[in-house]
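The values are calculated or read from the model by the stated rules, or taken from the named source; none is laboratory data. Keep in mind that this is a model prediction, so the values were computed, not measured. Don't worry about glycine lacking a Cβ; one is built from the backbone with ideal geometry, like all the others, and counts go over all protein chains shown.
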Amino acid sequence: MAKRKSDFRKMMKKFWRNQTAVLGVVLLIMFVIIAIFAPQIVKTFSPKAAARAYAEDPYQMPRVAWTSNPLPPSKDDPFGVIGGRDIFYGVIYGTRTAFKLGLTVAGLSALIGIFVGSISAYFGGWVDEIFMRIVDIFMSIPFLVAAMVLTTILGKGLNNVMIALVVFGWMTTARLIRGNILQAREEQYVLAAKALGQKDWLIIIKHILPNTIFPVVIQMSMRMGSYVITAAGLSFLGVGAEPGYADWGTILSYSRNWMTMLDKAWFAIVFPGVAMVLFVLAWNLVGDALRDIFDPRMRS
Amino acid sequence: MDKKPLLEVKGLKTYFHTDDGIVKAVDGVSFEVYSGETLGIVGESGCGKSVTSLSVMRLLDEKGEIAGGEILFDGKDIRALSDEEMRKMRGNDMAMIFQEPMTALNPVYTIGDQITEAILLHQDVDKETARKMAIDMLRKVGIPEPEKRVDEYPHELSGGMRQRAMIAMSLSCNPKLLFADEPTTALDVTIQAQILELMLELQKEYGMAIVMITHDLGVIAEMAERVVVMYAGKVVEYADVVTLFKDPKHPYTWGLMNAIPRLDEDKDVLYNIPGVVPDPLDFPKGCRFNTRCPLATDKCRTEEPPLVEIEPGHKAACWHIDRLVEMVKVSRAGEGA
Amino acid sequence: MSQSENRKPILRVDNLVKYFPVRAGVFRRVVAHVKAVDNISLEVYEKETLGLVGESGCGKTTAGMTILRLHEPTSGRIIMNDEDTTHLFMPYFQARKYLINTYVKPFEDLKEKAGSVDSAIKSIEDEFDVKMAKLYFEKHNGSKSSFISDLMSDREAKRKAFRRQSQIIFQDPYSSLNPRMRIKNIIAEGAIIHKVASRSEVMARVADILKKVGLSEDHMSRFPHEFSGGQRQRIGIARALILNPHLIVADEAVSALDVSIQAQILNLLNDLQEEFGLTYLFIAHDLAVVRHVSRRVAVMYLGKMVEVASKTELFENPLHPYTVSLMSAIPIPDPTKKSKRIILQGDVPSPINPPSGCRFHPRCPIAKEVCAKEEPPLQDLGNGHKVACFFPGEMKR
């Protein structure tokens, strides 16, 4: 027994041997670095834009030109200019926006999902029925359409986008947690805790949740990318972040008017587009790898 | 016993390549099976008894590999056969039944479909005949109303009935050798009695040889004529059933027999085989039982005892066969864990 | 036998019933019941082991779990250490209703019939009921509300006491330990819930108990997956022992273990029983194991108790045809003793729709007409040997 490597080390070994997982982690670390050092990066590579940034709100892309025509990449504006805004600045600060949005939405919807799912599974009976029917109703509305309608009602702005995404994003977690709890409730260690006289809510916190939370973490990481894409979609359609907000979707929305002349505005699509694709890819690869590792069927 | 064996396994080695290293699940196992007899393979979980049968059937998964030894079936070397030849052999010459028939039967096909398929694969008959044969087979294994049951799905049958269906399927092509891997372990005792009885009857009728793999010494005593005792991938003792139960020579065999509670007599204390089965990644040097054996000496810890014939037809792998009497004293002392 | 009569039962179960609803359809309507345990009574005496044996689906595990209130009983009474514990785990109004229906109403009826309180009490045969009647008539002067509020007081404390006194050991050493907790925390949990000692004292006790079950202090900070099946079962036993319980329900505690490990655990359970004066309700399907550990044995079939007797009596003189065939079905590990078997036909019927009359009659080799019509009562044939059969002893091995 003693010679067996610890589970954790075994998992890490497995993780690092998985090349796509490593790629995902590397990409993710890169994005984290970009987000943390955004001011420095902008100052180094696009000093003109950095100088014009709004001190009170760095998330506003600075105006560097007073023409609505796109300007191709140049020394001052490495990724070009669209709508008078510096694309480089937008892409770099957009990384921060993406993290903010992804983590907040994934975190909040997971919390709500865990709460609803736990209550539903724990009380069972009609409480469960009602909650699950609510979930069904929410799930029957197409995500993008629902989010669009809600942001239209709430008005523009990143916060409203996040609210809309959370409101229509918690259901899968709720279902997942409920299912897992119903399964874990039959485990004998849960019965053992009950036989010891443990309080019901402590049984959930100590025995059930720790054994059901991993799938949620994996799901969170997988959905992180899709939230960012949806938010970008909303921005592109004009119901997302305010114009000028440093957000990949917002930059894309500027290129809407140049759709037929892509040779003139390609940079406004390619740079935020690539950033977005890599960001989503990173989360999906990490999520995939986590699932492989934590899936008990993969362990023997 | 001087006739030629139906199956001859010589020095079989089966290794599994895992993340943690090489697991030598079967490490130099030899035995023979004669036509029409029942050979019992007994041992605890992880001793390699199931892997042995899977190796002979060549049904190992991609991590497992036969690393050495010979498997002769009717004189033919099974390891040299092509996959296609091997496929023909399975079902036709040798078949297998498992502990949990639910996992061995396909849940989306009816019982009849699955038996018919097996028949069509190996016999030159039309579909209608095959179905009739399937119904006949189901009747033979004691499934009531076989004309109706033939169209039922595995989940509609009880555990005992599923095992009967599994037996019907594996015997549908009249194999010469049947591996039964813990066929009654998942069943209740009254159902186990039915299935064991059925296997004995079918053996009388069809004359196939059975390799009975189990951890249950009671089932072995009931069914087997000769017995292989396995421990940690090795054969530790090999004898006919009466000799083995009356006069076990290996400390492990002796320990097992004295560790089980008996229905027909009271025992004050059960013999404690101390410790646990060794890690298959890290078997002890010398005799693999030495970590749990009260008779173990330095020799046992360094040199591996060979499987030697003590008397005709009775082999054991132990350096201290003459000291086995001491085991009785150890157990009388009621030694703790 | 006569000895058991003198001893006090630590656990007494009267007419225990546990039905599980089967729901179907959009409105999750109850369409049937799984009659897992259908009116069984038993007693477990102090420091003895009662073996509860039967095949899968006979309700033995459900009985054990219901006694420990891991399932709420459908009806029946569970008395532990001379205290009725049935109402402790019920919701308030159900508990009240139970107390009224079990005690207040019958006592009042008796009083009316007998004319006076004294003769009413005298007419009660059961010792425990006499105690309750005295409590009702004498301490509370026949006041319903005062009687009920007395029994309903301190329910939380009584529940906790019940949990301390009774523990369980599970079958599956893999599912019975929380994979994300360290061994010391798994074992200490009970002691911490019941605040029996300070944390450092609890940990000292955990170390002590680990040694008692044959593990060492070094194991305390490890996780369950680092142990083998037998070691995990030892940890499960340690968890049950930490609260110094009187009664331990061992639910197929050795069924999942290898033969050599099974012997270790059986010997350990035996040693612990002697050391701590434990009482076991030992639930198992393996008659040989039950014979080895038990002083008395109860045999269940399809939710019913079919036979109860002392071990020697049961194994030497089994009276119920089911017990006889069960014993005959088990292969004896001795090739010279190949006996002819009684092979029971068919499968165990479904507990959703059990057969009429005696539930064993469709498979019984000696069943007669009456067996399909009437249900045989569990009668005492002397020496504490009880059997539920119209023709006890007529089937021989």
> Pick from segment A:197-214 the residues that are surrounded by fewer than 18 Cβ atoms within 10 Å (Cβ to Cβ) and part of a helix (DSSP H, G or I): which of them is nearest to the other protein chains (Cβ to nearest Cβ)?
Replying inline: A:Pro210
> Only one of (1) more than 9 Å from chain C (Cβ to nearest Cβ); (2) charged (D, E, K, R); (3) closer than 14 Å to B:Glu37 by Cα fails for B:Lys234. Which number is that?
Replying inline: (3)
> Only one residue in C:Glu138, C:Glu156, C:Glu127 is within 14 Å of chain A (Cβ to nearest Cβ) and either surrounded by fewer than 19 Cβ atoms within 10 Å (Cβ to Cβ) or at negative phi (or both). Which one?
Replying inline: C:Glu156
> If you scan segment B:241-267, which residues turn out to be in contact (Cβ under 8 Å) with a residue 60 or more places away in the chain, surrounded by fewer than 23 Cβ atoms within 10 Å (Cβ to Cβ) and either within 9 Å of chain C (Cβ to nearest Cβ) or closer than 30 Å to C:Asn317 by Cα (or both)?
Replying inline: B:Val241, B:Asn258
>> So B:Ala165 ticks every box in (1) more than 14 Å from chain C (Cβ to nearest Cβ); (2) at pLDDT 90 or above; (3) closer than 18 Å to B:Leu196 by Cβ but one. Which box is left unticked?
In response: (1)
>> Step by step: first the residues of segment B:158-168, then only those that are buried (at least 22 other Cβ atoms within 10 Å of the Cβ) and without any contact (Cβ under 8 Å) to a residue 60 or more places away in the chain, then the one that is farthest from the chain's Cα centre (by Cα). Which residue is that?
In response: B:Met161
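Counting only residues that are in a loop (DSSP other than H, G, I, E, B) and not acidic (Asp, Glu), how many does segment A:231-256 have? If you could, list the steps in order and put the result at the bottom.
First, the residues of segment A:231-256 that are in a loop (DSSP other than H, G, I, E, B): A:237-244, A:246-247.
When the remaining residues are screened for being not acidic (Asp, Glu), the result is A:237-241, A:243-244, A:246.
Result for segment A:231-256: 8.
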> How many residues, within segment B:74-88, are surrounded by 15 or more Cβ atoms within 10 Å (Cβ to Cβ) and under 17 Å from B:Val33 (Cα atoms)?
Replying inline: 2
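Conditions (1) over 12 Å from the mean Cα position of the chain (by Cα); (2) without any contact (Cβ under 8 Å) to a residue 60 or more places away in the chain; (3) surrounded by 16 or more Cβ atoms within 10 Å (Cβ to Cβ), marked per residue:
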| position | (1), (2), (3) |
| --- | --- |
| C:Val17 | yes, yes, yes |
| C:Pro21 | yes, yes, no |
| C:Lys35 | yes, no, yes |
| C:Gly54 | yes, no, yes |
| C:Gly59 | no, no, yes |
| C:Met65 | no, no, yes |
> Is it true that some residue in segment B:296-316 is modelled with pLDDT of 90 or more, assigned to a helix (DSSP H, G or I) and within 11 Å of another protein chain (Cβ to nearest Cβ)?
Replying inline: no
> Looking only at segment B:95-142, which residues are buried (at least 21 other Cβ atoms within 10 Å of the Cβ), β-branched (Val, Ile, Thr) and outside any helix (DSSP H, G or I)?
Replying inline: B:Ile97, B:Val141
> Of the residues C:Lys134, C:Lys113, C:Lys97, which is more than 27 Å from the chain's Cα centre (by Cα), over 30 Å from C:Thr279 (Cα atoms) and either basic (Lys, Arg) or part of a loop (DSSP other than H, G, I, E, B) (or both)?
Replying inline: C:Lys113
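Kindly indicate which of C:Val370, C:Val348, C:Val324 is touching a Pro at 6+ places or on another chain (Cβ under 9 Å), of a type in the set (Val, Ile, Thr) and within 19 Å of C:Gly54 (Cβ to Cβ). Steps first, answer last, please.
On the way: C:Val370 fails: within 19 Å of C:Gly54 (Cβ to Cβ); C:Val348 fails: touching a Pro at 6+ places or on another chain (Cβ under 9 Å).
Answer to the selection: C:Val324.
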> Within segment B:1-54, how many residues are assigned to a strand (DSSP E or B), within 16 Å of the chain's Cα centre (by Cα) and among the hydroxyl-bearing types (Ser, Thr, Tyr)?
Replying inline: 3
> Is it true that C:Ala388 is buried (at least 23 other Cβ atoms within 10 Å of the Cβ), touching a residue at least 24 places away in the same chain (Cβ under 8 Å), closer than 23 Å to C:His33 by Cβ and more than 11 Å from chain B (Cβ to nearest Cβ)?
Replying inline: yes
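Can you tell which of C:Gln231, C:Gln171 is touching a strand residue (DSSP E or B) at 6+ places or on another chain (Cβ under 8 Å) and either outside any loop (DSSP other than H, G, I, E, B) or within 10 Å of chain A (Cβ to nearest Cβ) (or both)? Walk me through how you get there before you give the answer.
Details: C:Gln231 fails: touching a strand residue (DSSP E or B) at 6+ places or on another chain (Cβ under 8 Å).
Going through C:Gln231, C:Gln171 in turn, the sole match is C:Gln171.
Being within 14 Å of another protein chain (Cβ to nearest Cβ), surrounded by 23 or more Cβ atoms within 10 Å (Cβ to Cβ) and either closer than 30 Å to A:Thr151 by Cα or over 18 Å from the mean Cα position of the chain (by Cα) (or both): is that true of A:Val217 here? I'd like the intermediate steps shown before the answer.
On the way: within 14 Å of another protein chain (Cβ to nearest Cβ): yes; surrounded by 23 or more Cβ atoms within 10 Å (Cβ to Cβ): no; either closer than 30 Å to A:Thr151 by Cα or over 18 Å from the mean Cα position of the chain (by Cα) (or both): yes.
Against the criterion (within 14 Å of another protein chain (Cβ to nearest Cβ), surrounded by 23 or more Cβ atoms within 10 Å (Cβ to Cβ) and either closer than 30 Å to A:Thr151 by Cα or over 18 Å from the mean Cα position of the chain (by Cα) (or both)), A:Val217 does not qualify.
Across segment C:15-38, which residue is farthest from the other protein chains (Cβ to nearest Cβ) among those that are out of contact with any Gly (no Cβ under 6 Å at 6 or more places or on another chain) and modelled with pLDDT of 95 or more? It would help to see each step written out before you state the result.
To start, the set of residues in segment C:15-38 that are out of contact with any Gly (no Cβ under 6 Å at 6 or more places or on another chain) comprises C:18-34.
With the extra rule that they be modelled with pLDDT of 95 or more, the set shrinks to C:18-19.
Working: C:Lys18: 15, C:Tyr19: 17 Å.
It comes out as C:Tyr19.
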> Can you find even one residue in segment C:190-205 that is free of Cβ contacts under 8 Å to residues at least 60 places away in the same chain, part of a helix (DSSP H, G or I), at the interface with another protein chain (Cβ under 7 Å from one of its Cβ atoms) and within 23 Å of C:Leu70 (Cα to Cα)?
Replying inline: yes
> Out of curiosity, is A:Ala289 at pLDDT below 85, assigned to a helix (DSSP H, G or I) and buried (at least 22 other Cβ atoms within 10 Å of the Cβ)?
Replying inline: yes
>> Return the pair list, or none, for Cβ contacts closer than 6 Å from residues in segment A:40-55 that are part of a helix (DSSP H, G or I) to residues that are of a type in the set (Ser, Thr, Tyr), at least 6 apart or on different chains.
In response: A:Val42/A:Tyr89; A:Ala49/A:Tyr89
> Looking at A:Leu165, A:Leu176, which one is buried (at least 20 other Cβ atoms within 10 Å of the Cβ) and either outside any loop (DSSP other than H, G, I, E, B) or within 13 Å of chain C (Cβ to nearest Cβ) (or both)?
Replying inline: A:Leu165
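On the basis of being away from chain C (no Cβ under 14 Å) and surrounded by 24 or more Cβ atoms within 10 Å (Cβ to Cβ), does B:Val229 make the cut?
Numbers: away from chain C (no Cβ under 14 Å): no; surrounded by 24 or more Cβ atoms within 10 Å (Cβ to Cβ): yes.
Considered against the rule, which asks whether it is away from chain C (no Cβ under 14 Å) and surrounded by 24 or more Cβ atoms within 10 Å (Cβ to Cβ), B:Val229 comes out as no.
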> Considering segment B:285-309 alone, what residues qualify as being surrounded by 15 or more Cβ atoms within 10 Å (Cβ to Cβ) and more than 20 Å from B:Gly11 (Cβ to Cβ)?
Replying inline: B:Asn290, B:Thr291, B:Arg292, B:Cys293, B:Pro294, B:Leu295, B:Ala296, B:Cys300
> Of the residues B:Gly159, B:Gly207, B:Gly218, which single one is out of contact with any Asp or Glu (no Cβ under 6 Å at 6 or more places or on another chain), at pLDDT below 90 and either within 14 Å of chain C (Cβ to nearest Cβ) or over 21 Å from C:Gly54 (Cα atoms) (or both)?
Replying inline: B:Gly159
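Table: residues versus (1) closer than 25 Å to A:Ala282 by Cβ; (2) surrounded by 14 or more Cβ atoms within 10 Å (Cβ to Cβ); (3) within 14 Å of chain B (Cβ to nearest Cβ).
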position	(1), (2), (3)
A:Lys13	yes, no, yes
A:Arg17	yes, no, yes
A:Val25	yes, yes, no
A:Leu28	yes, yes, no
A:Ser68	no, no, no
A:Phe79	yes, yes, no
A:Arg85	no, yes, no
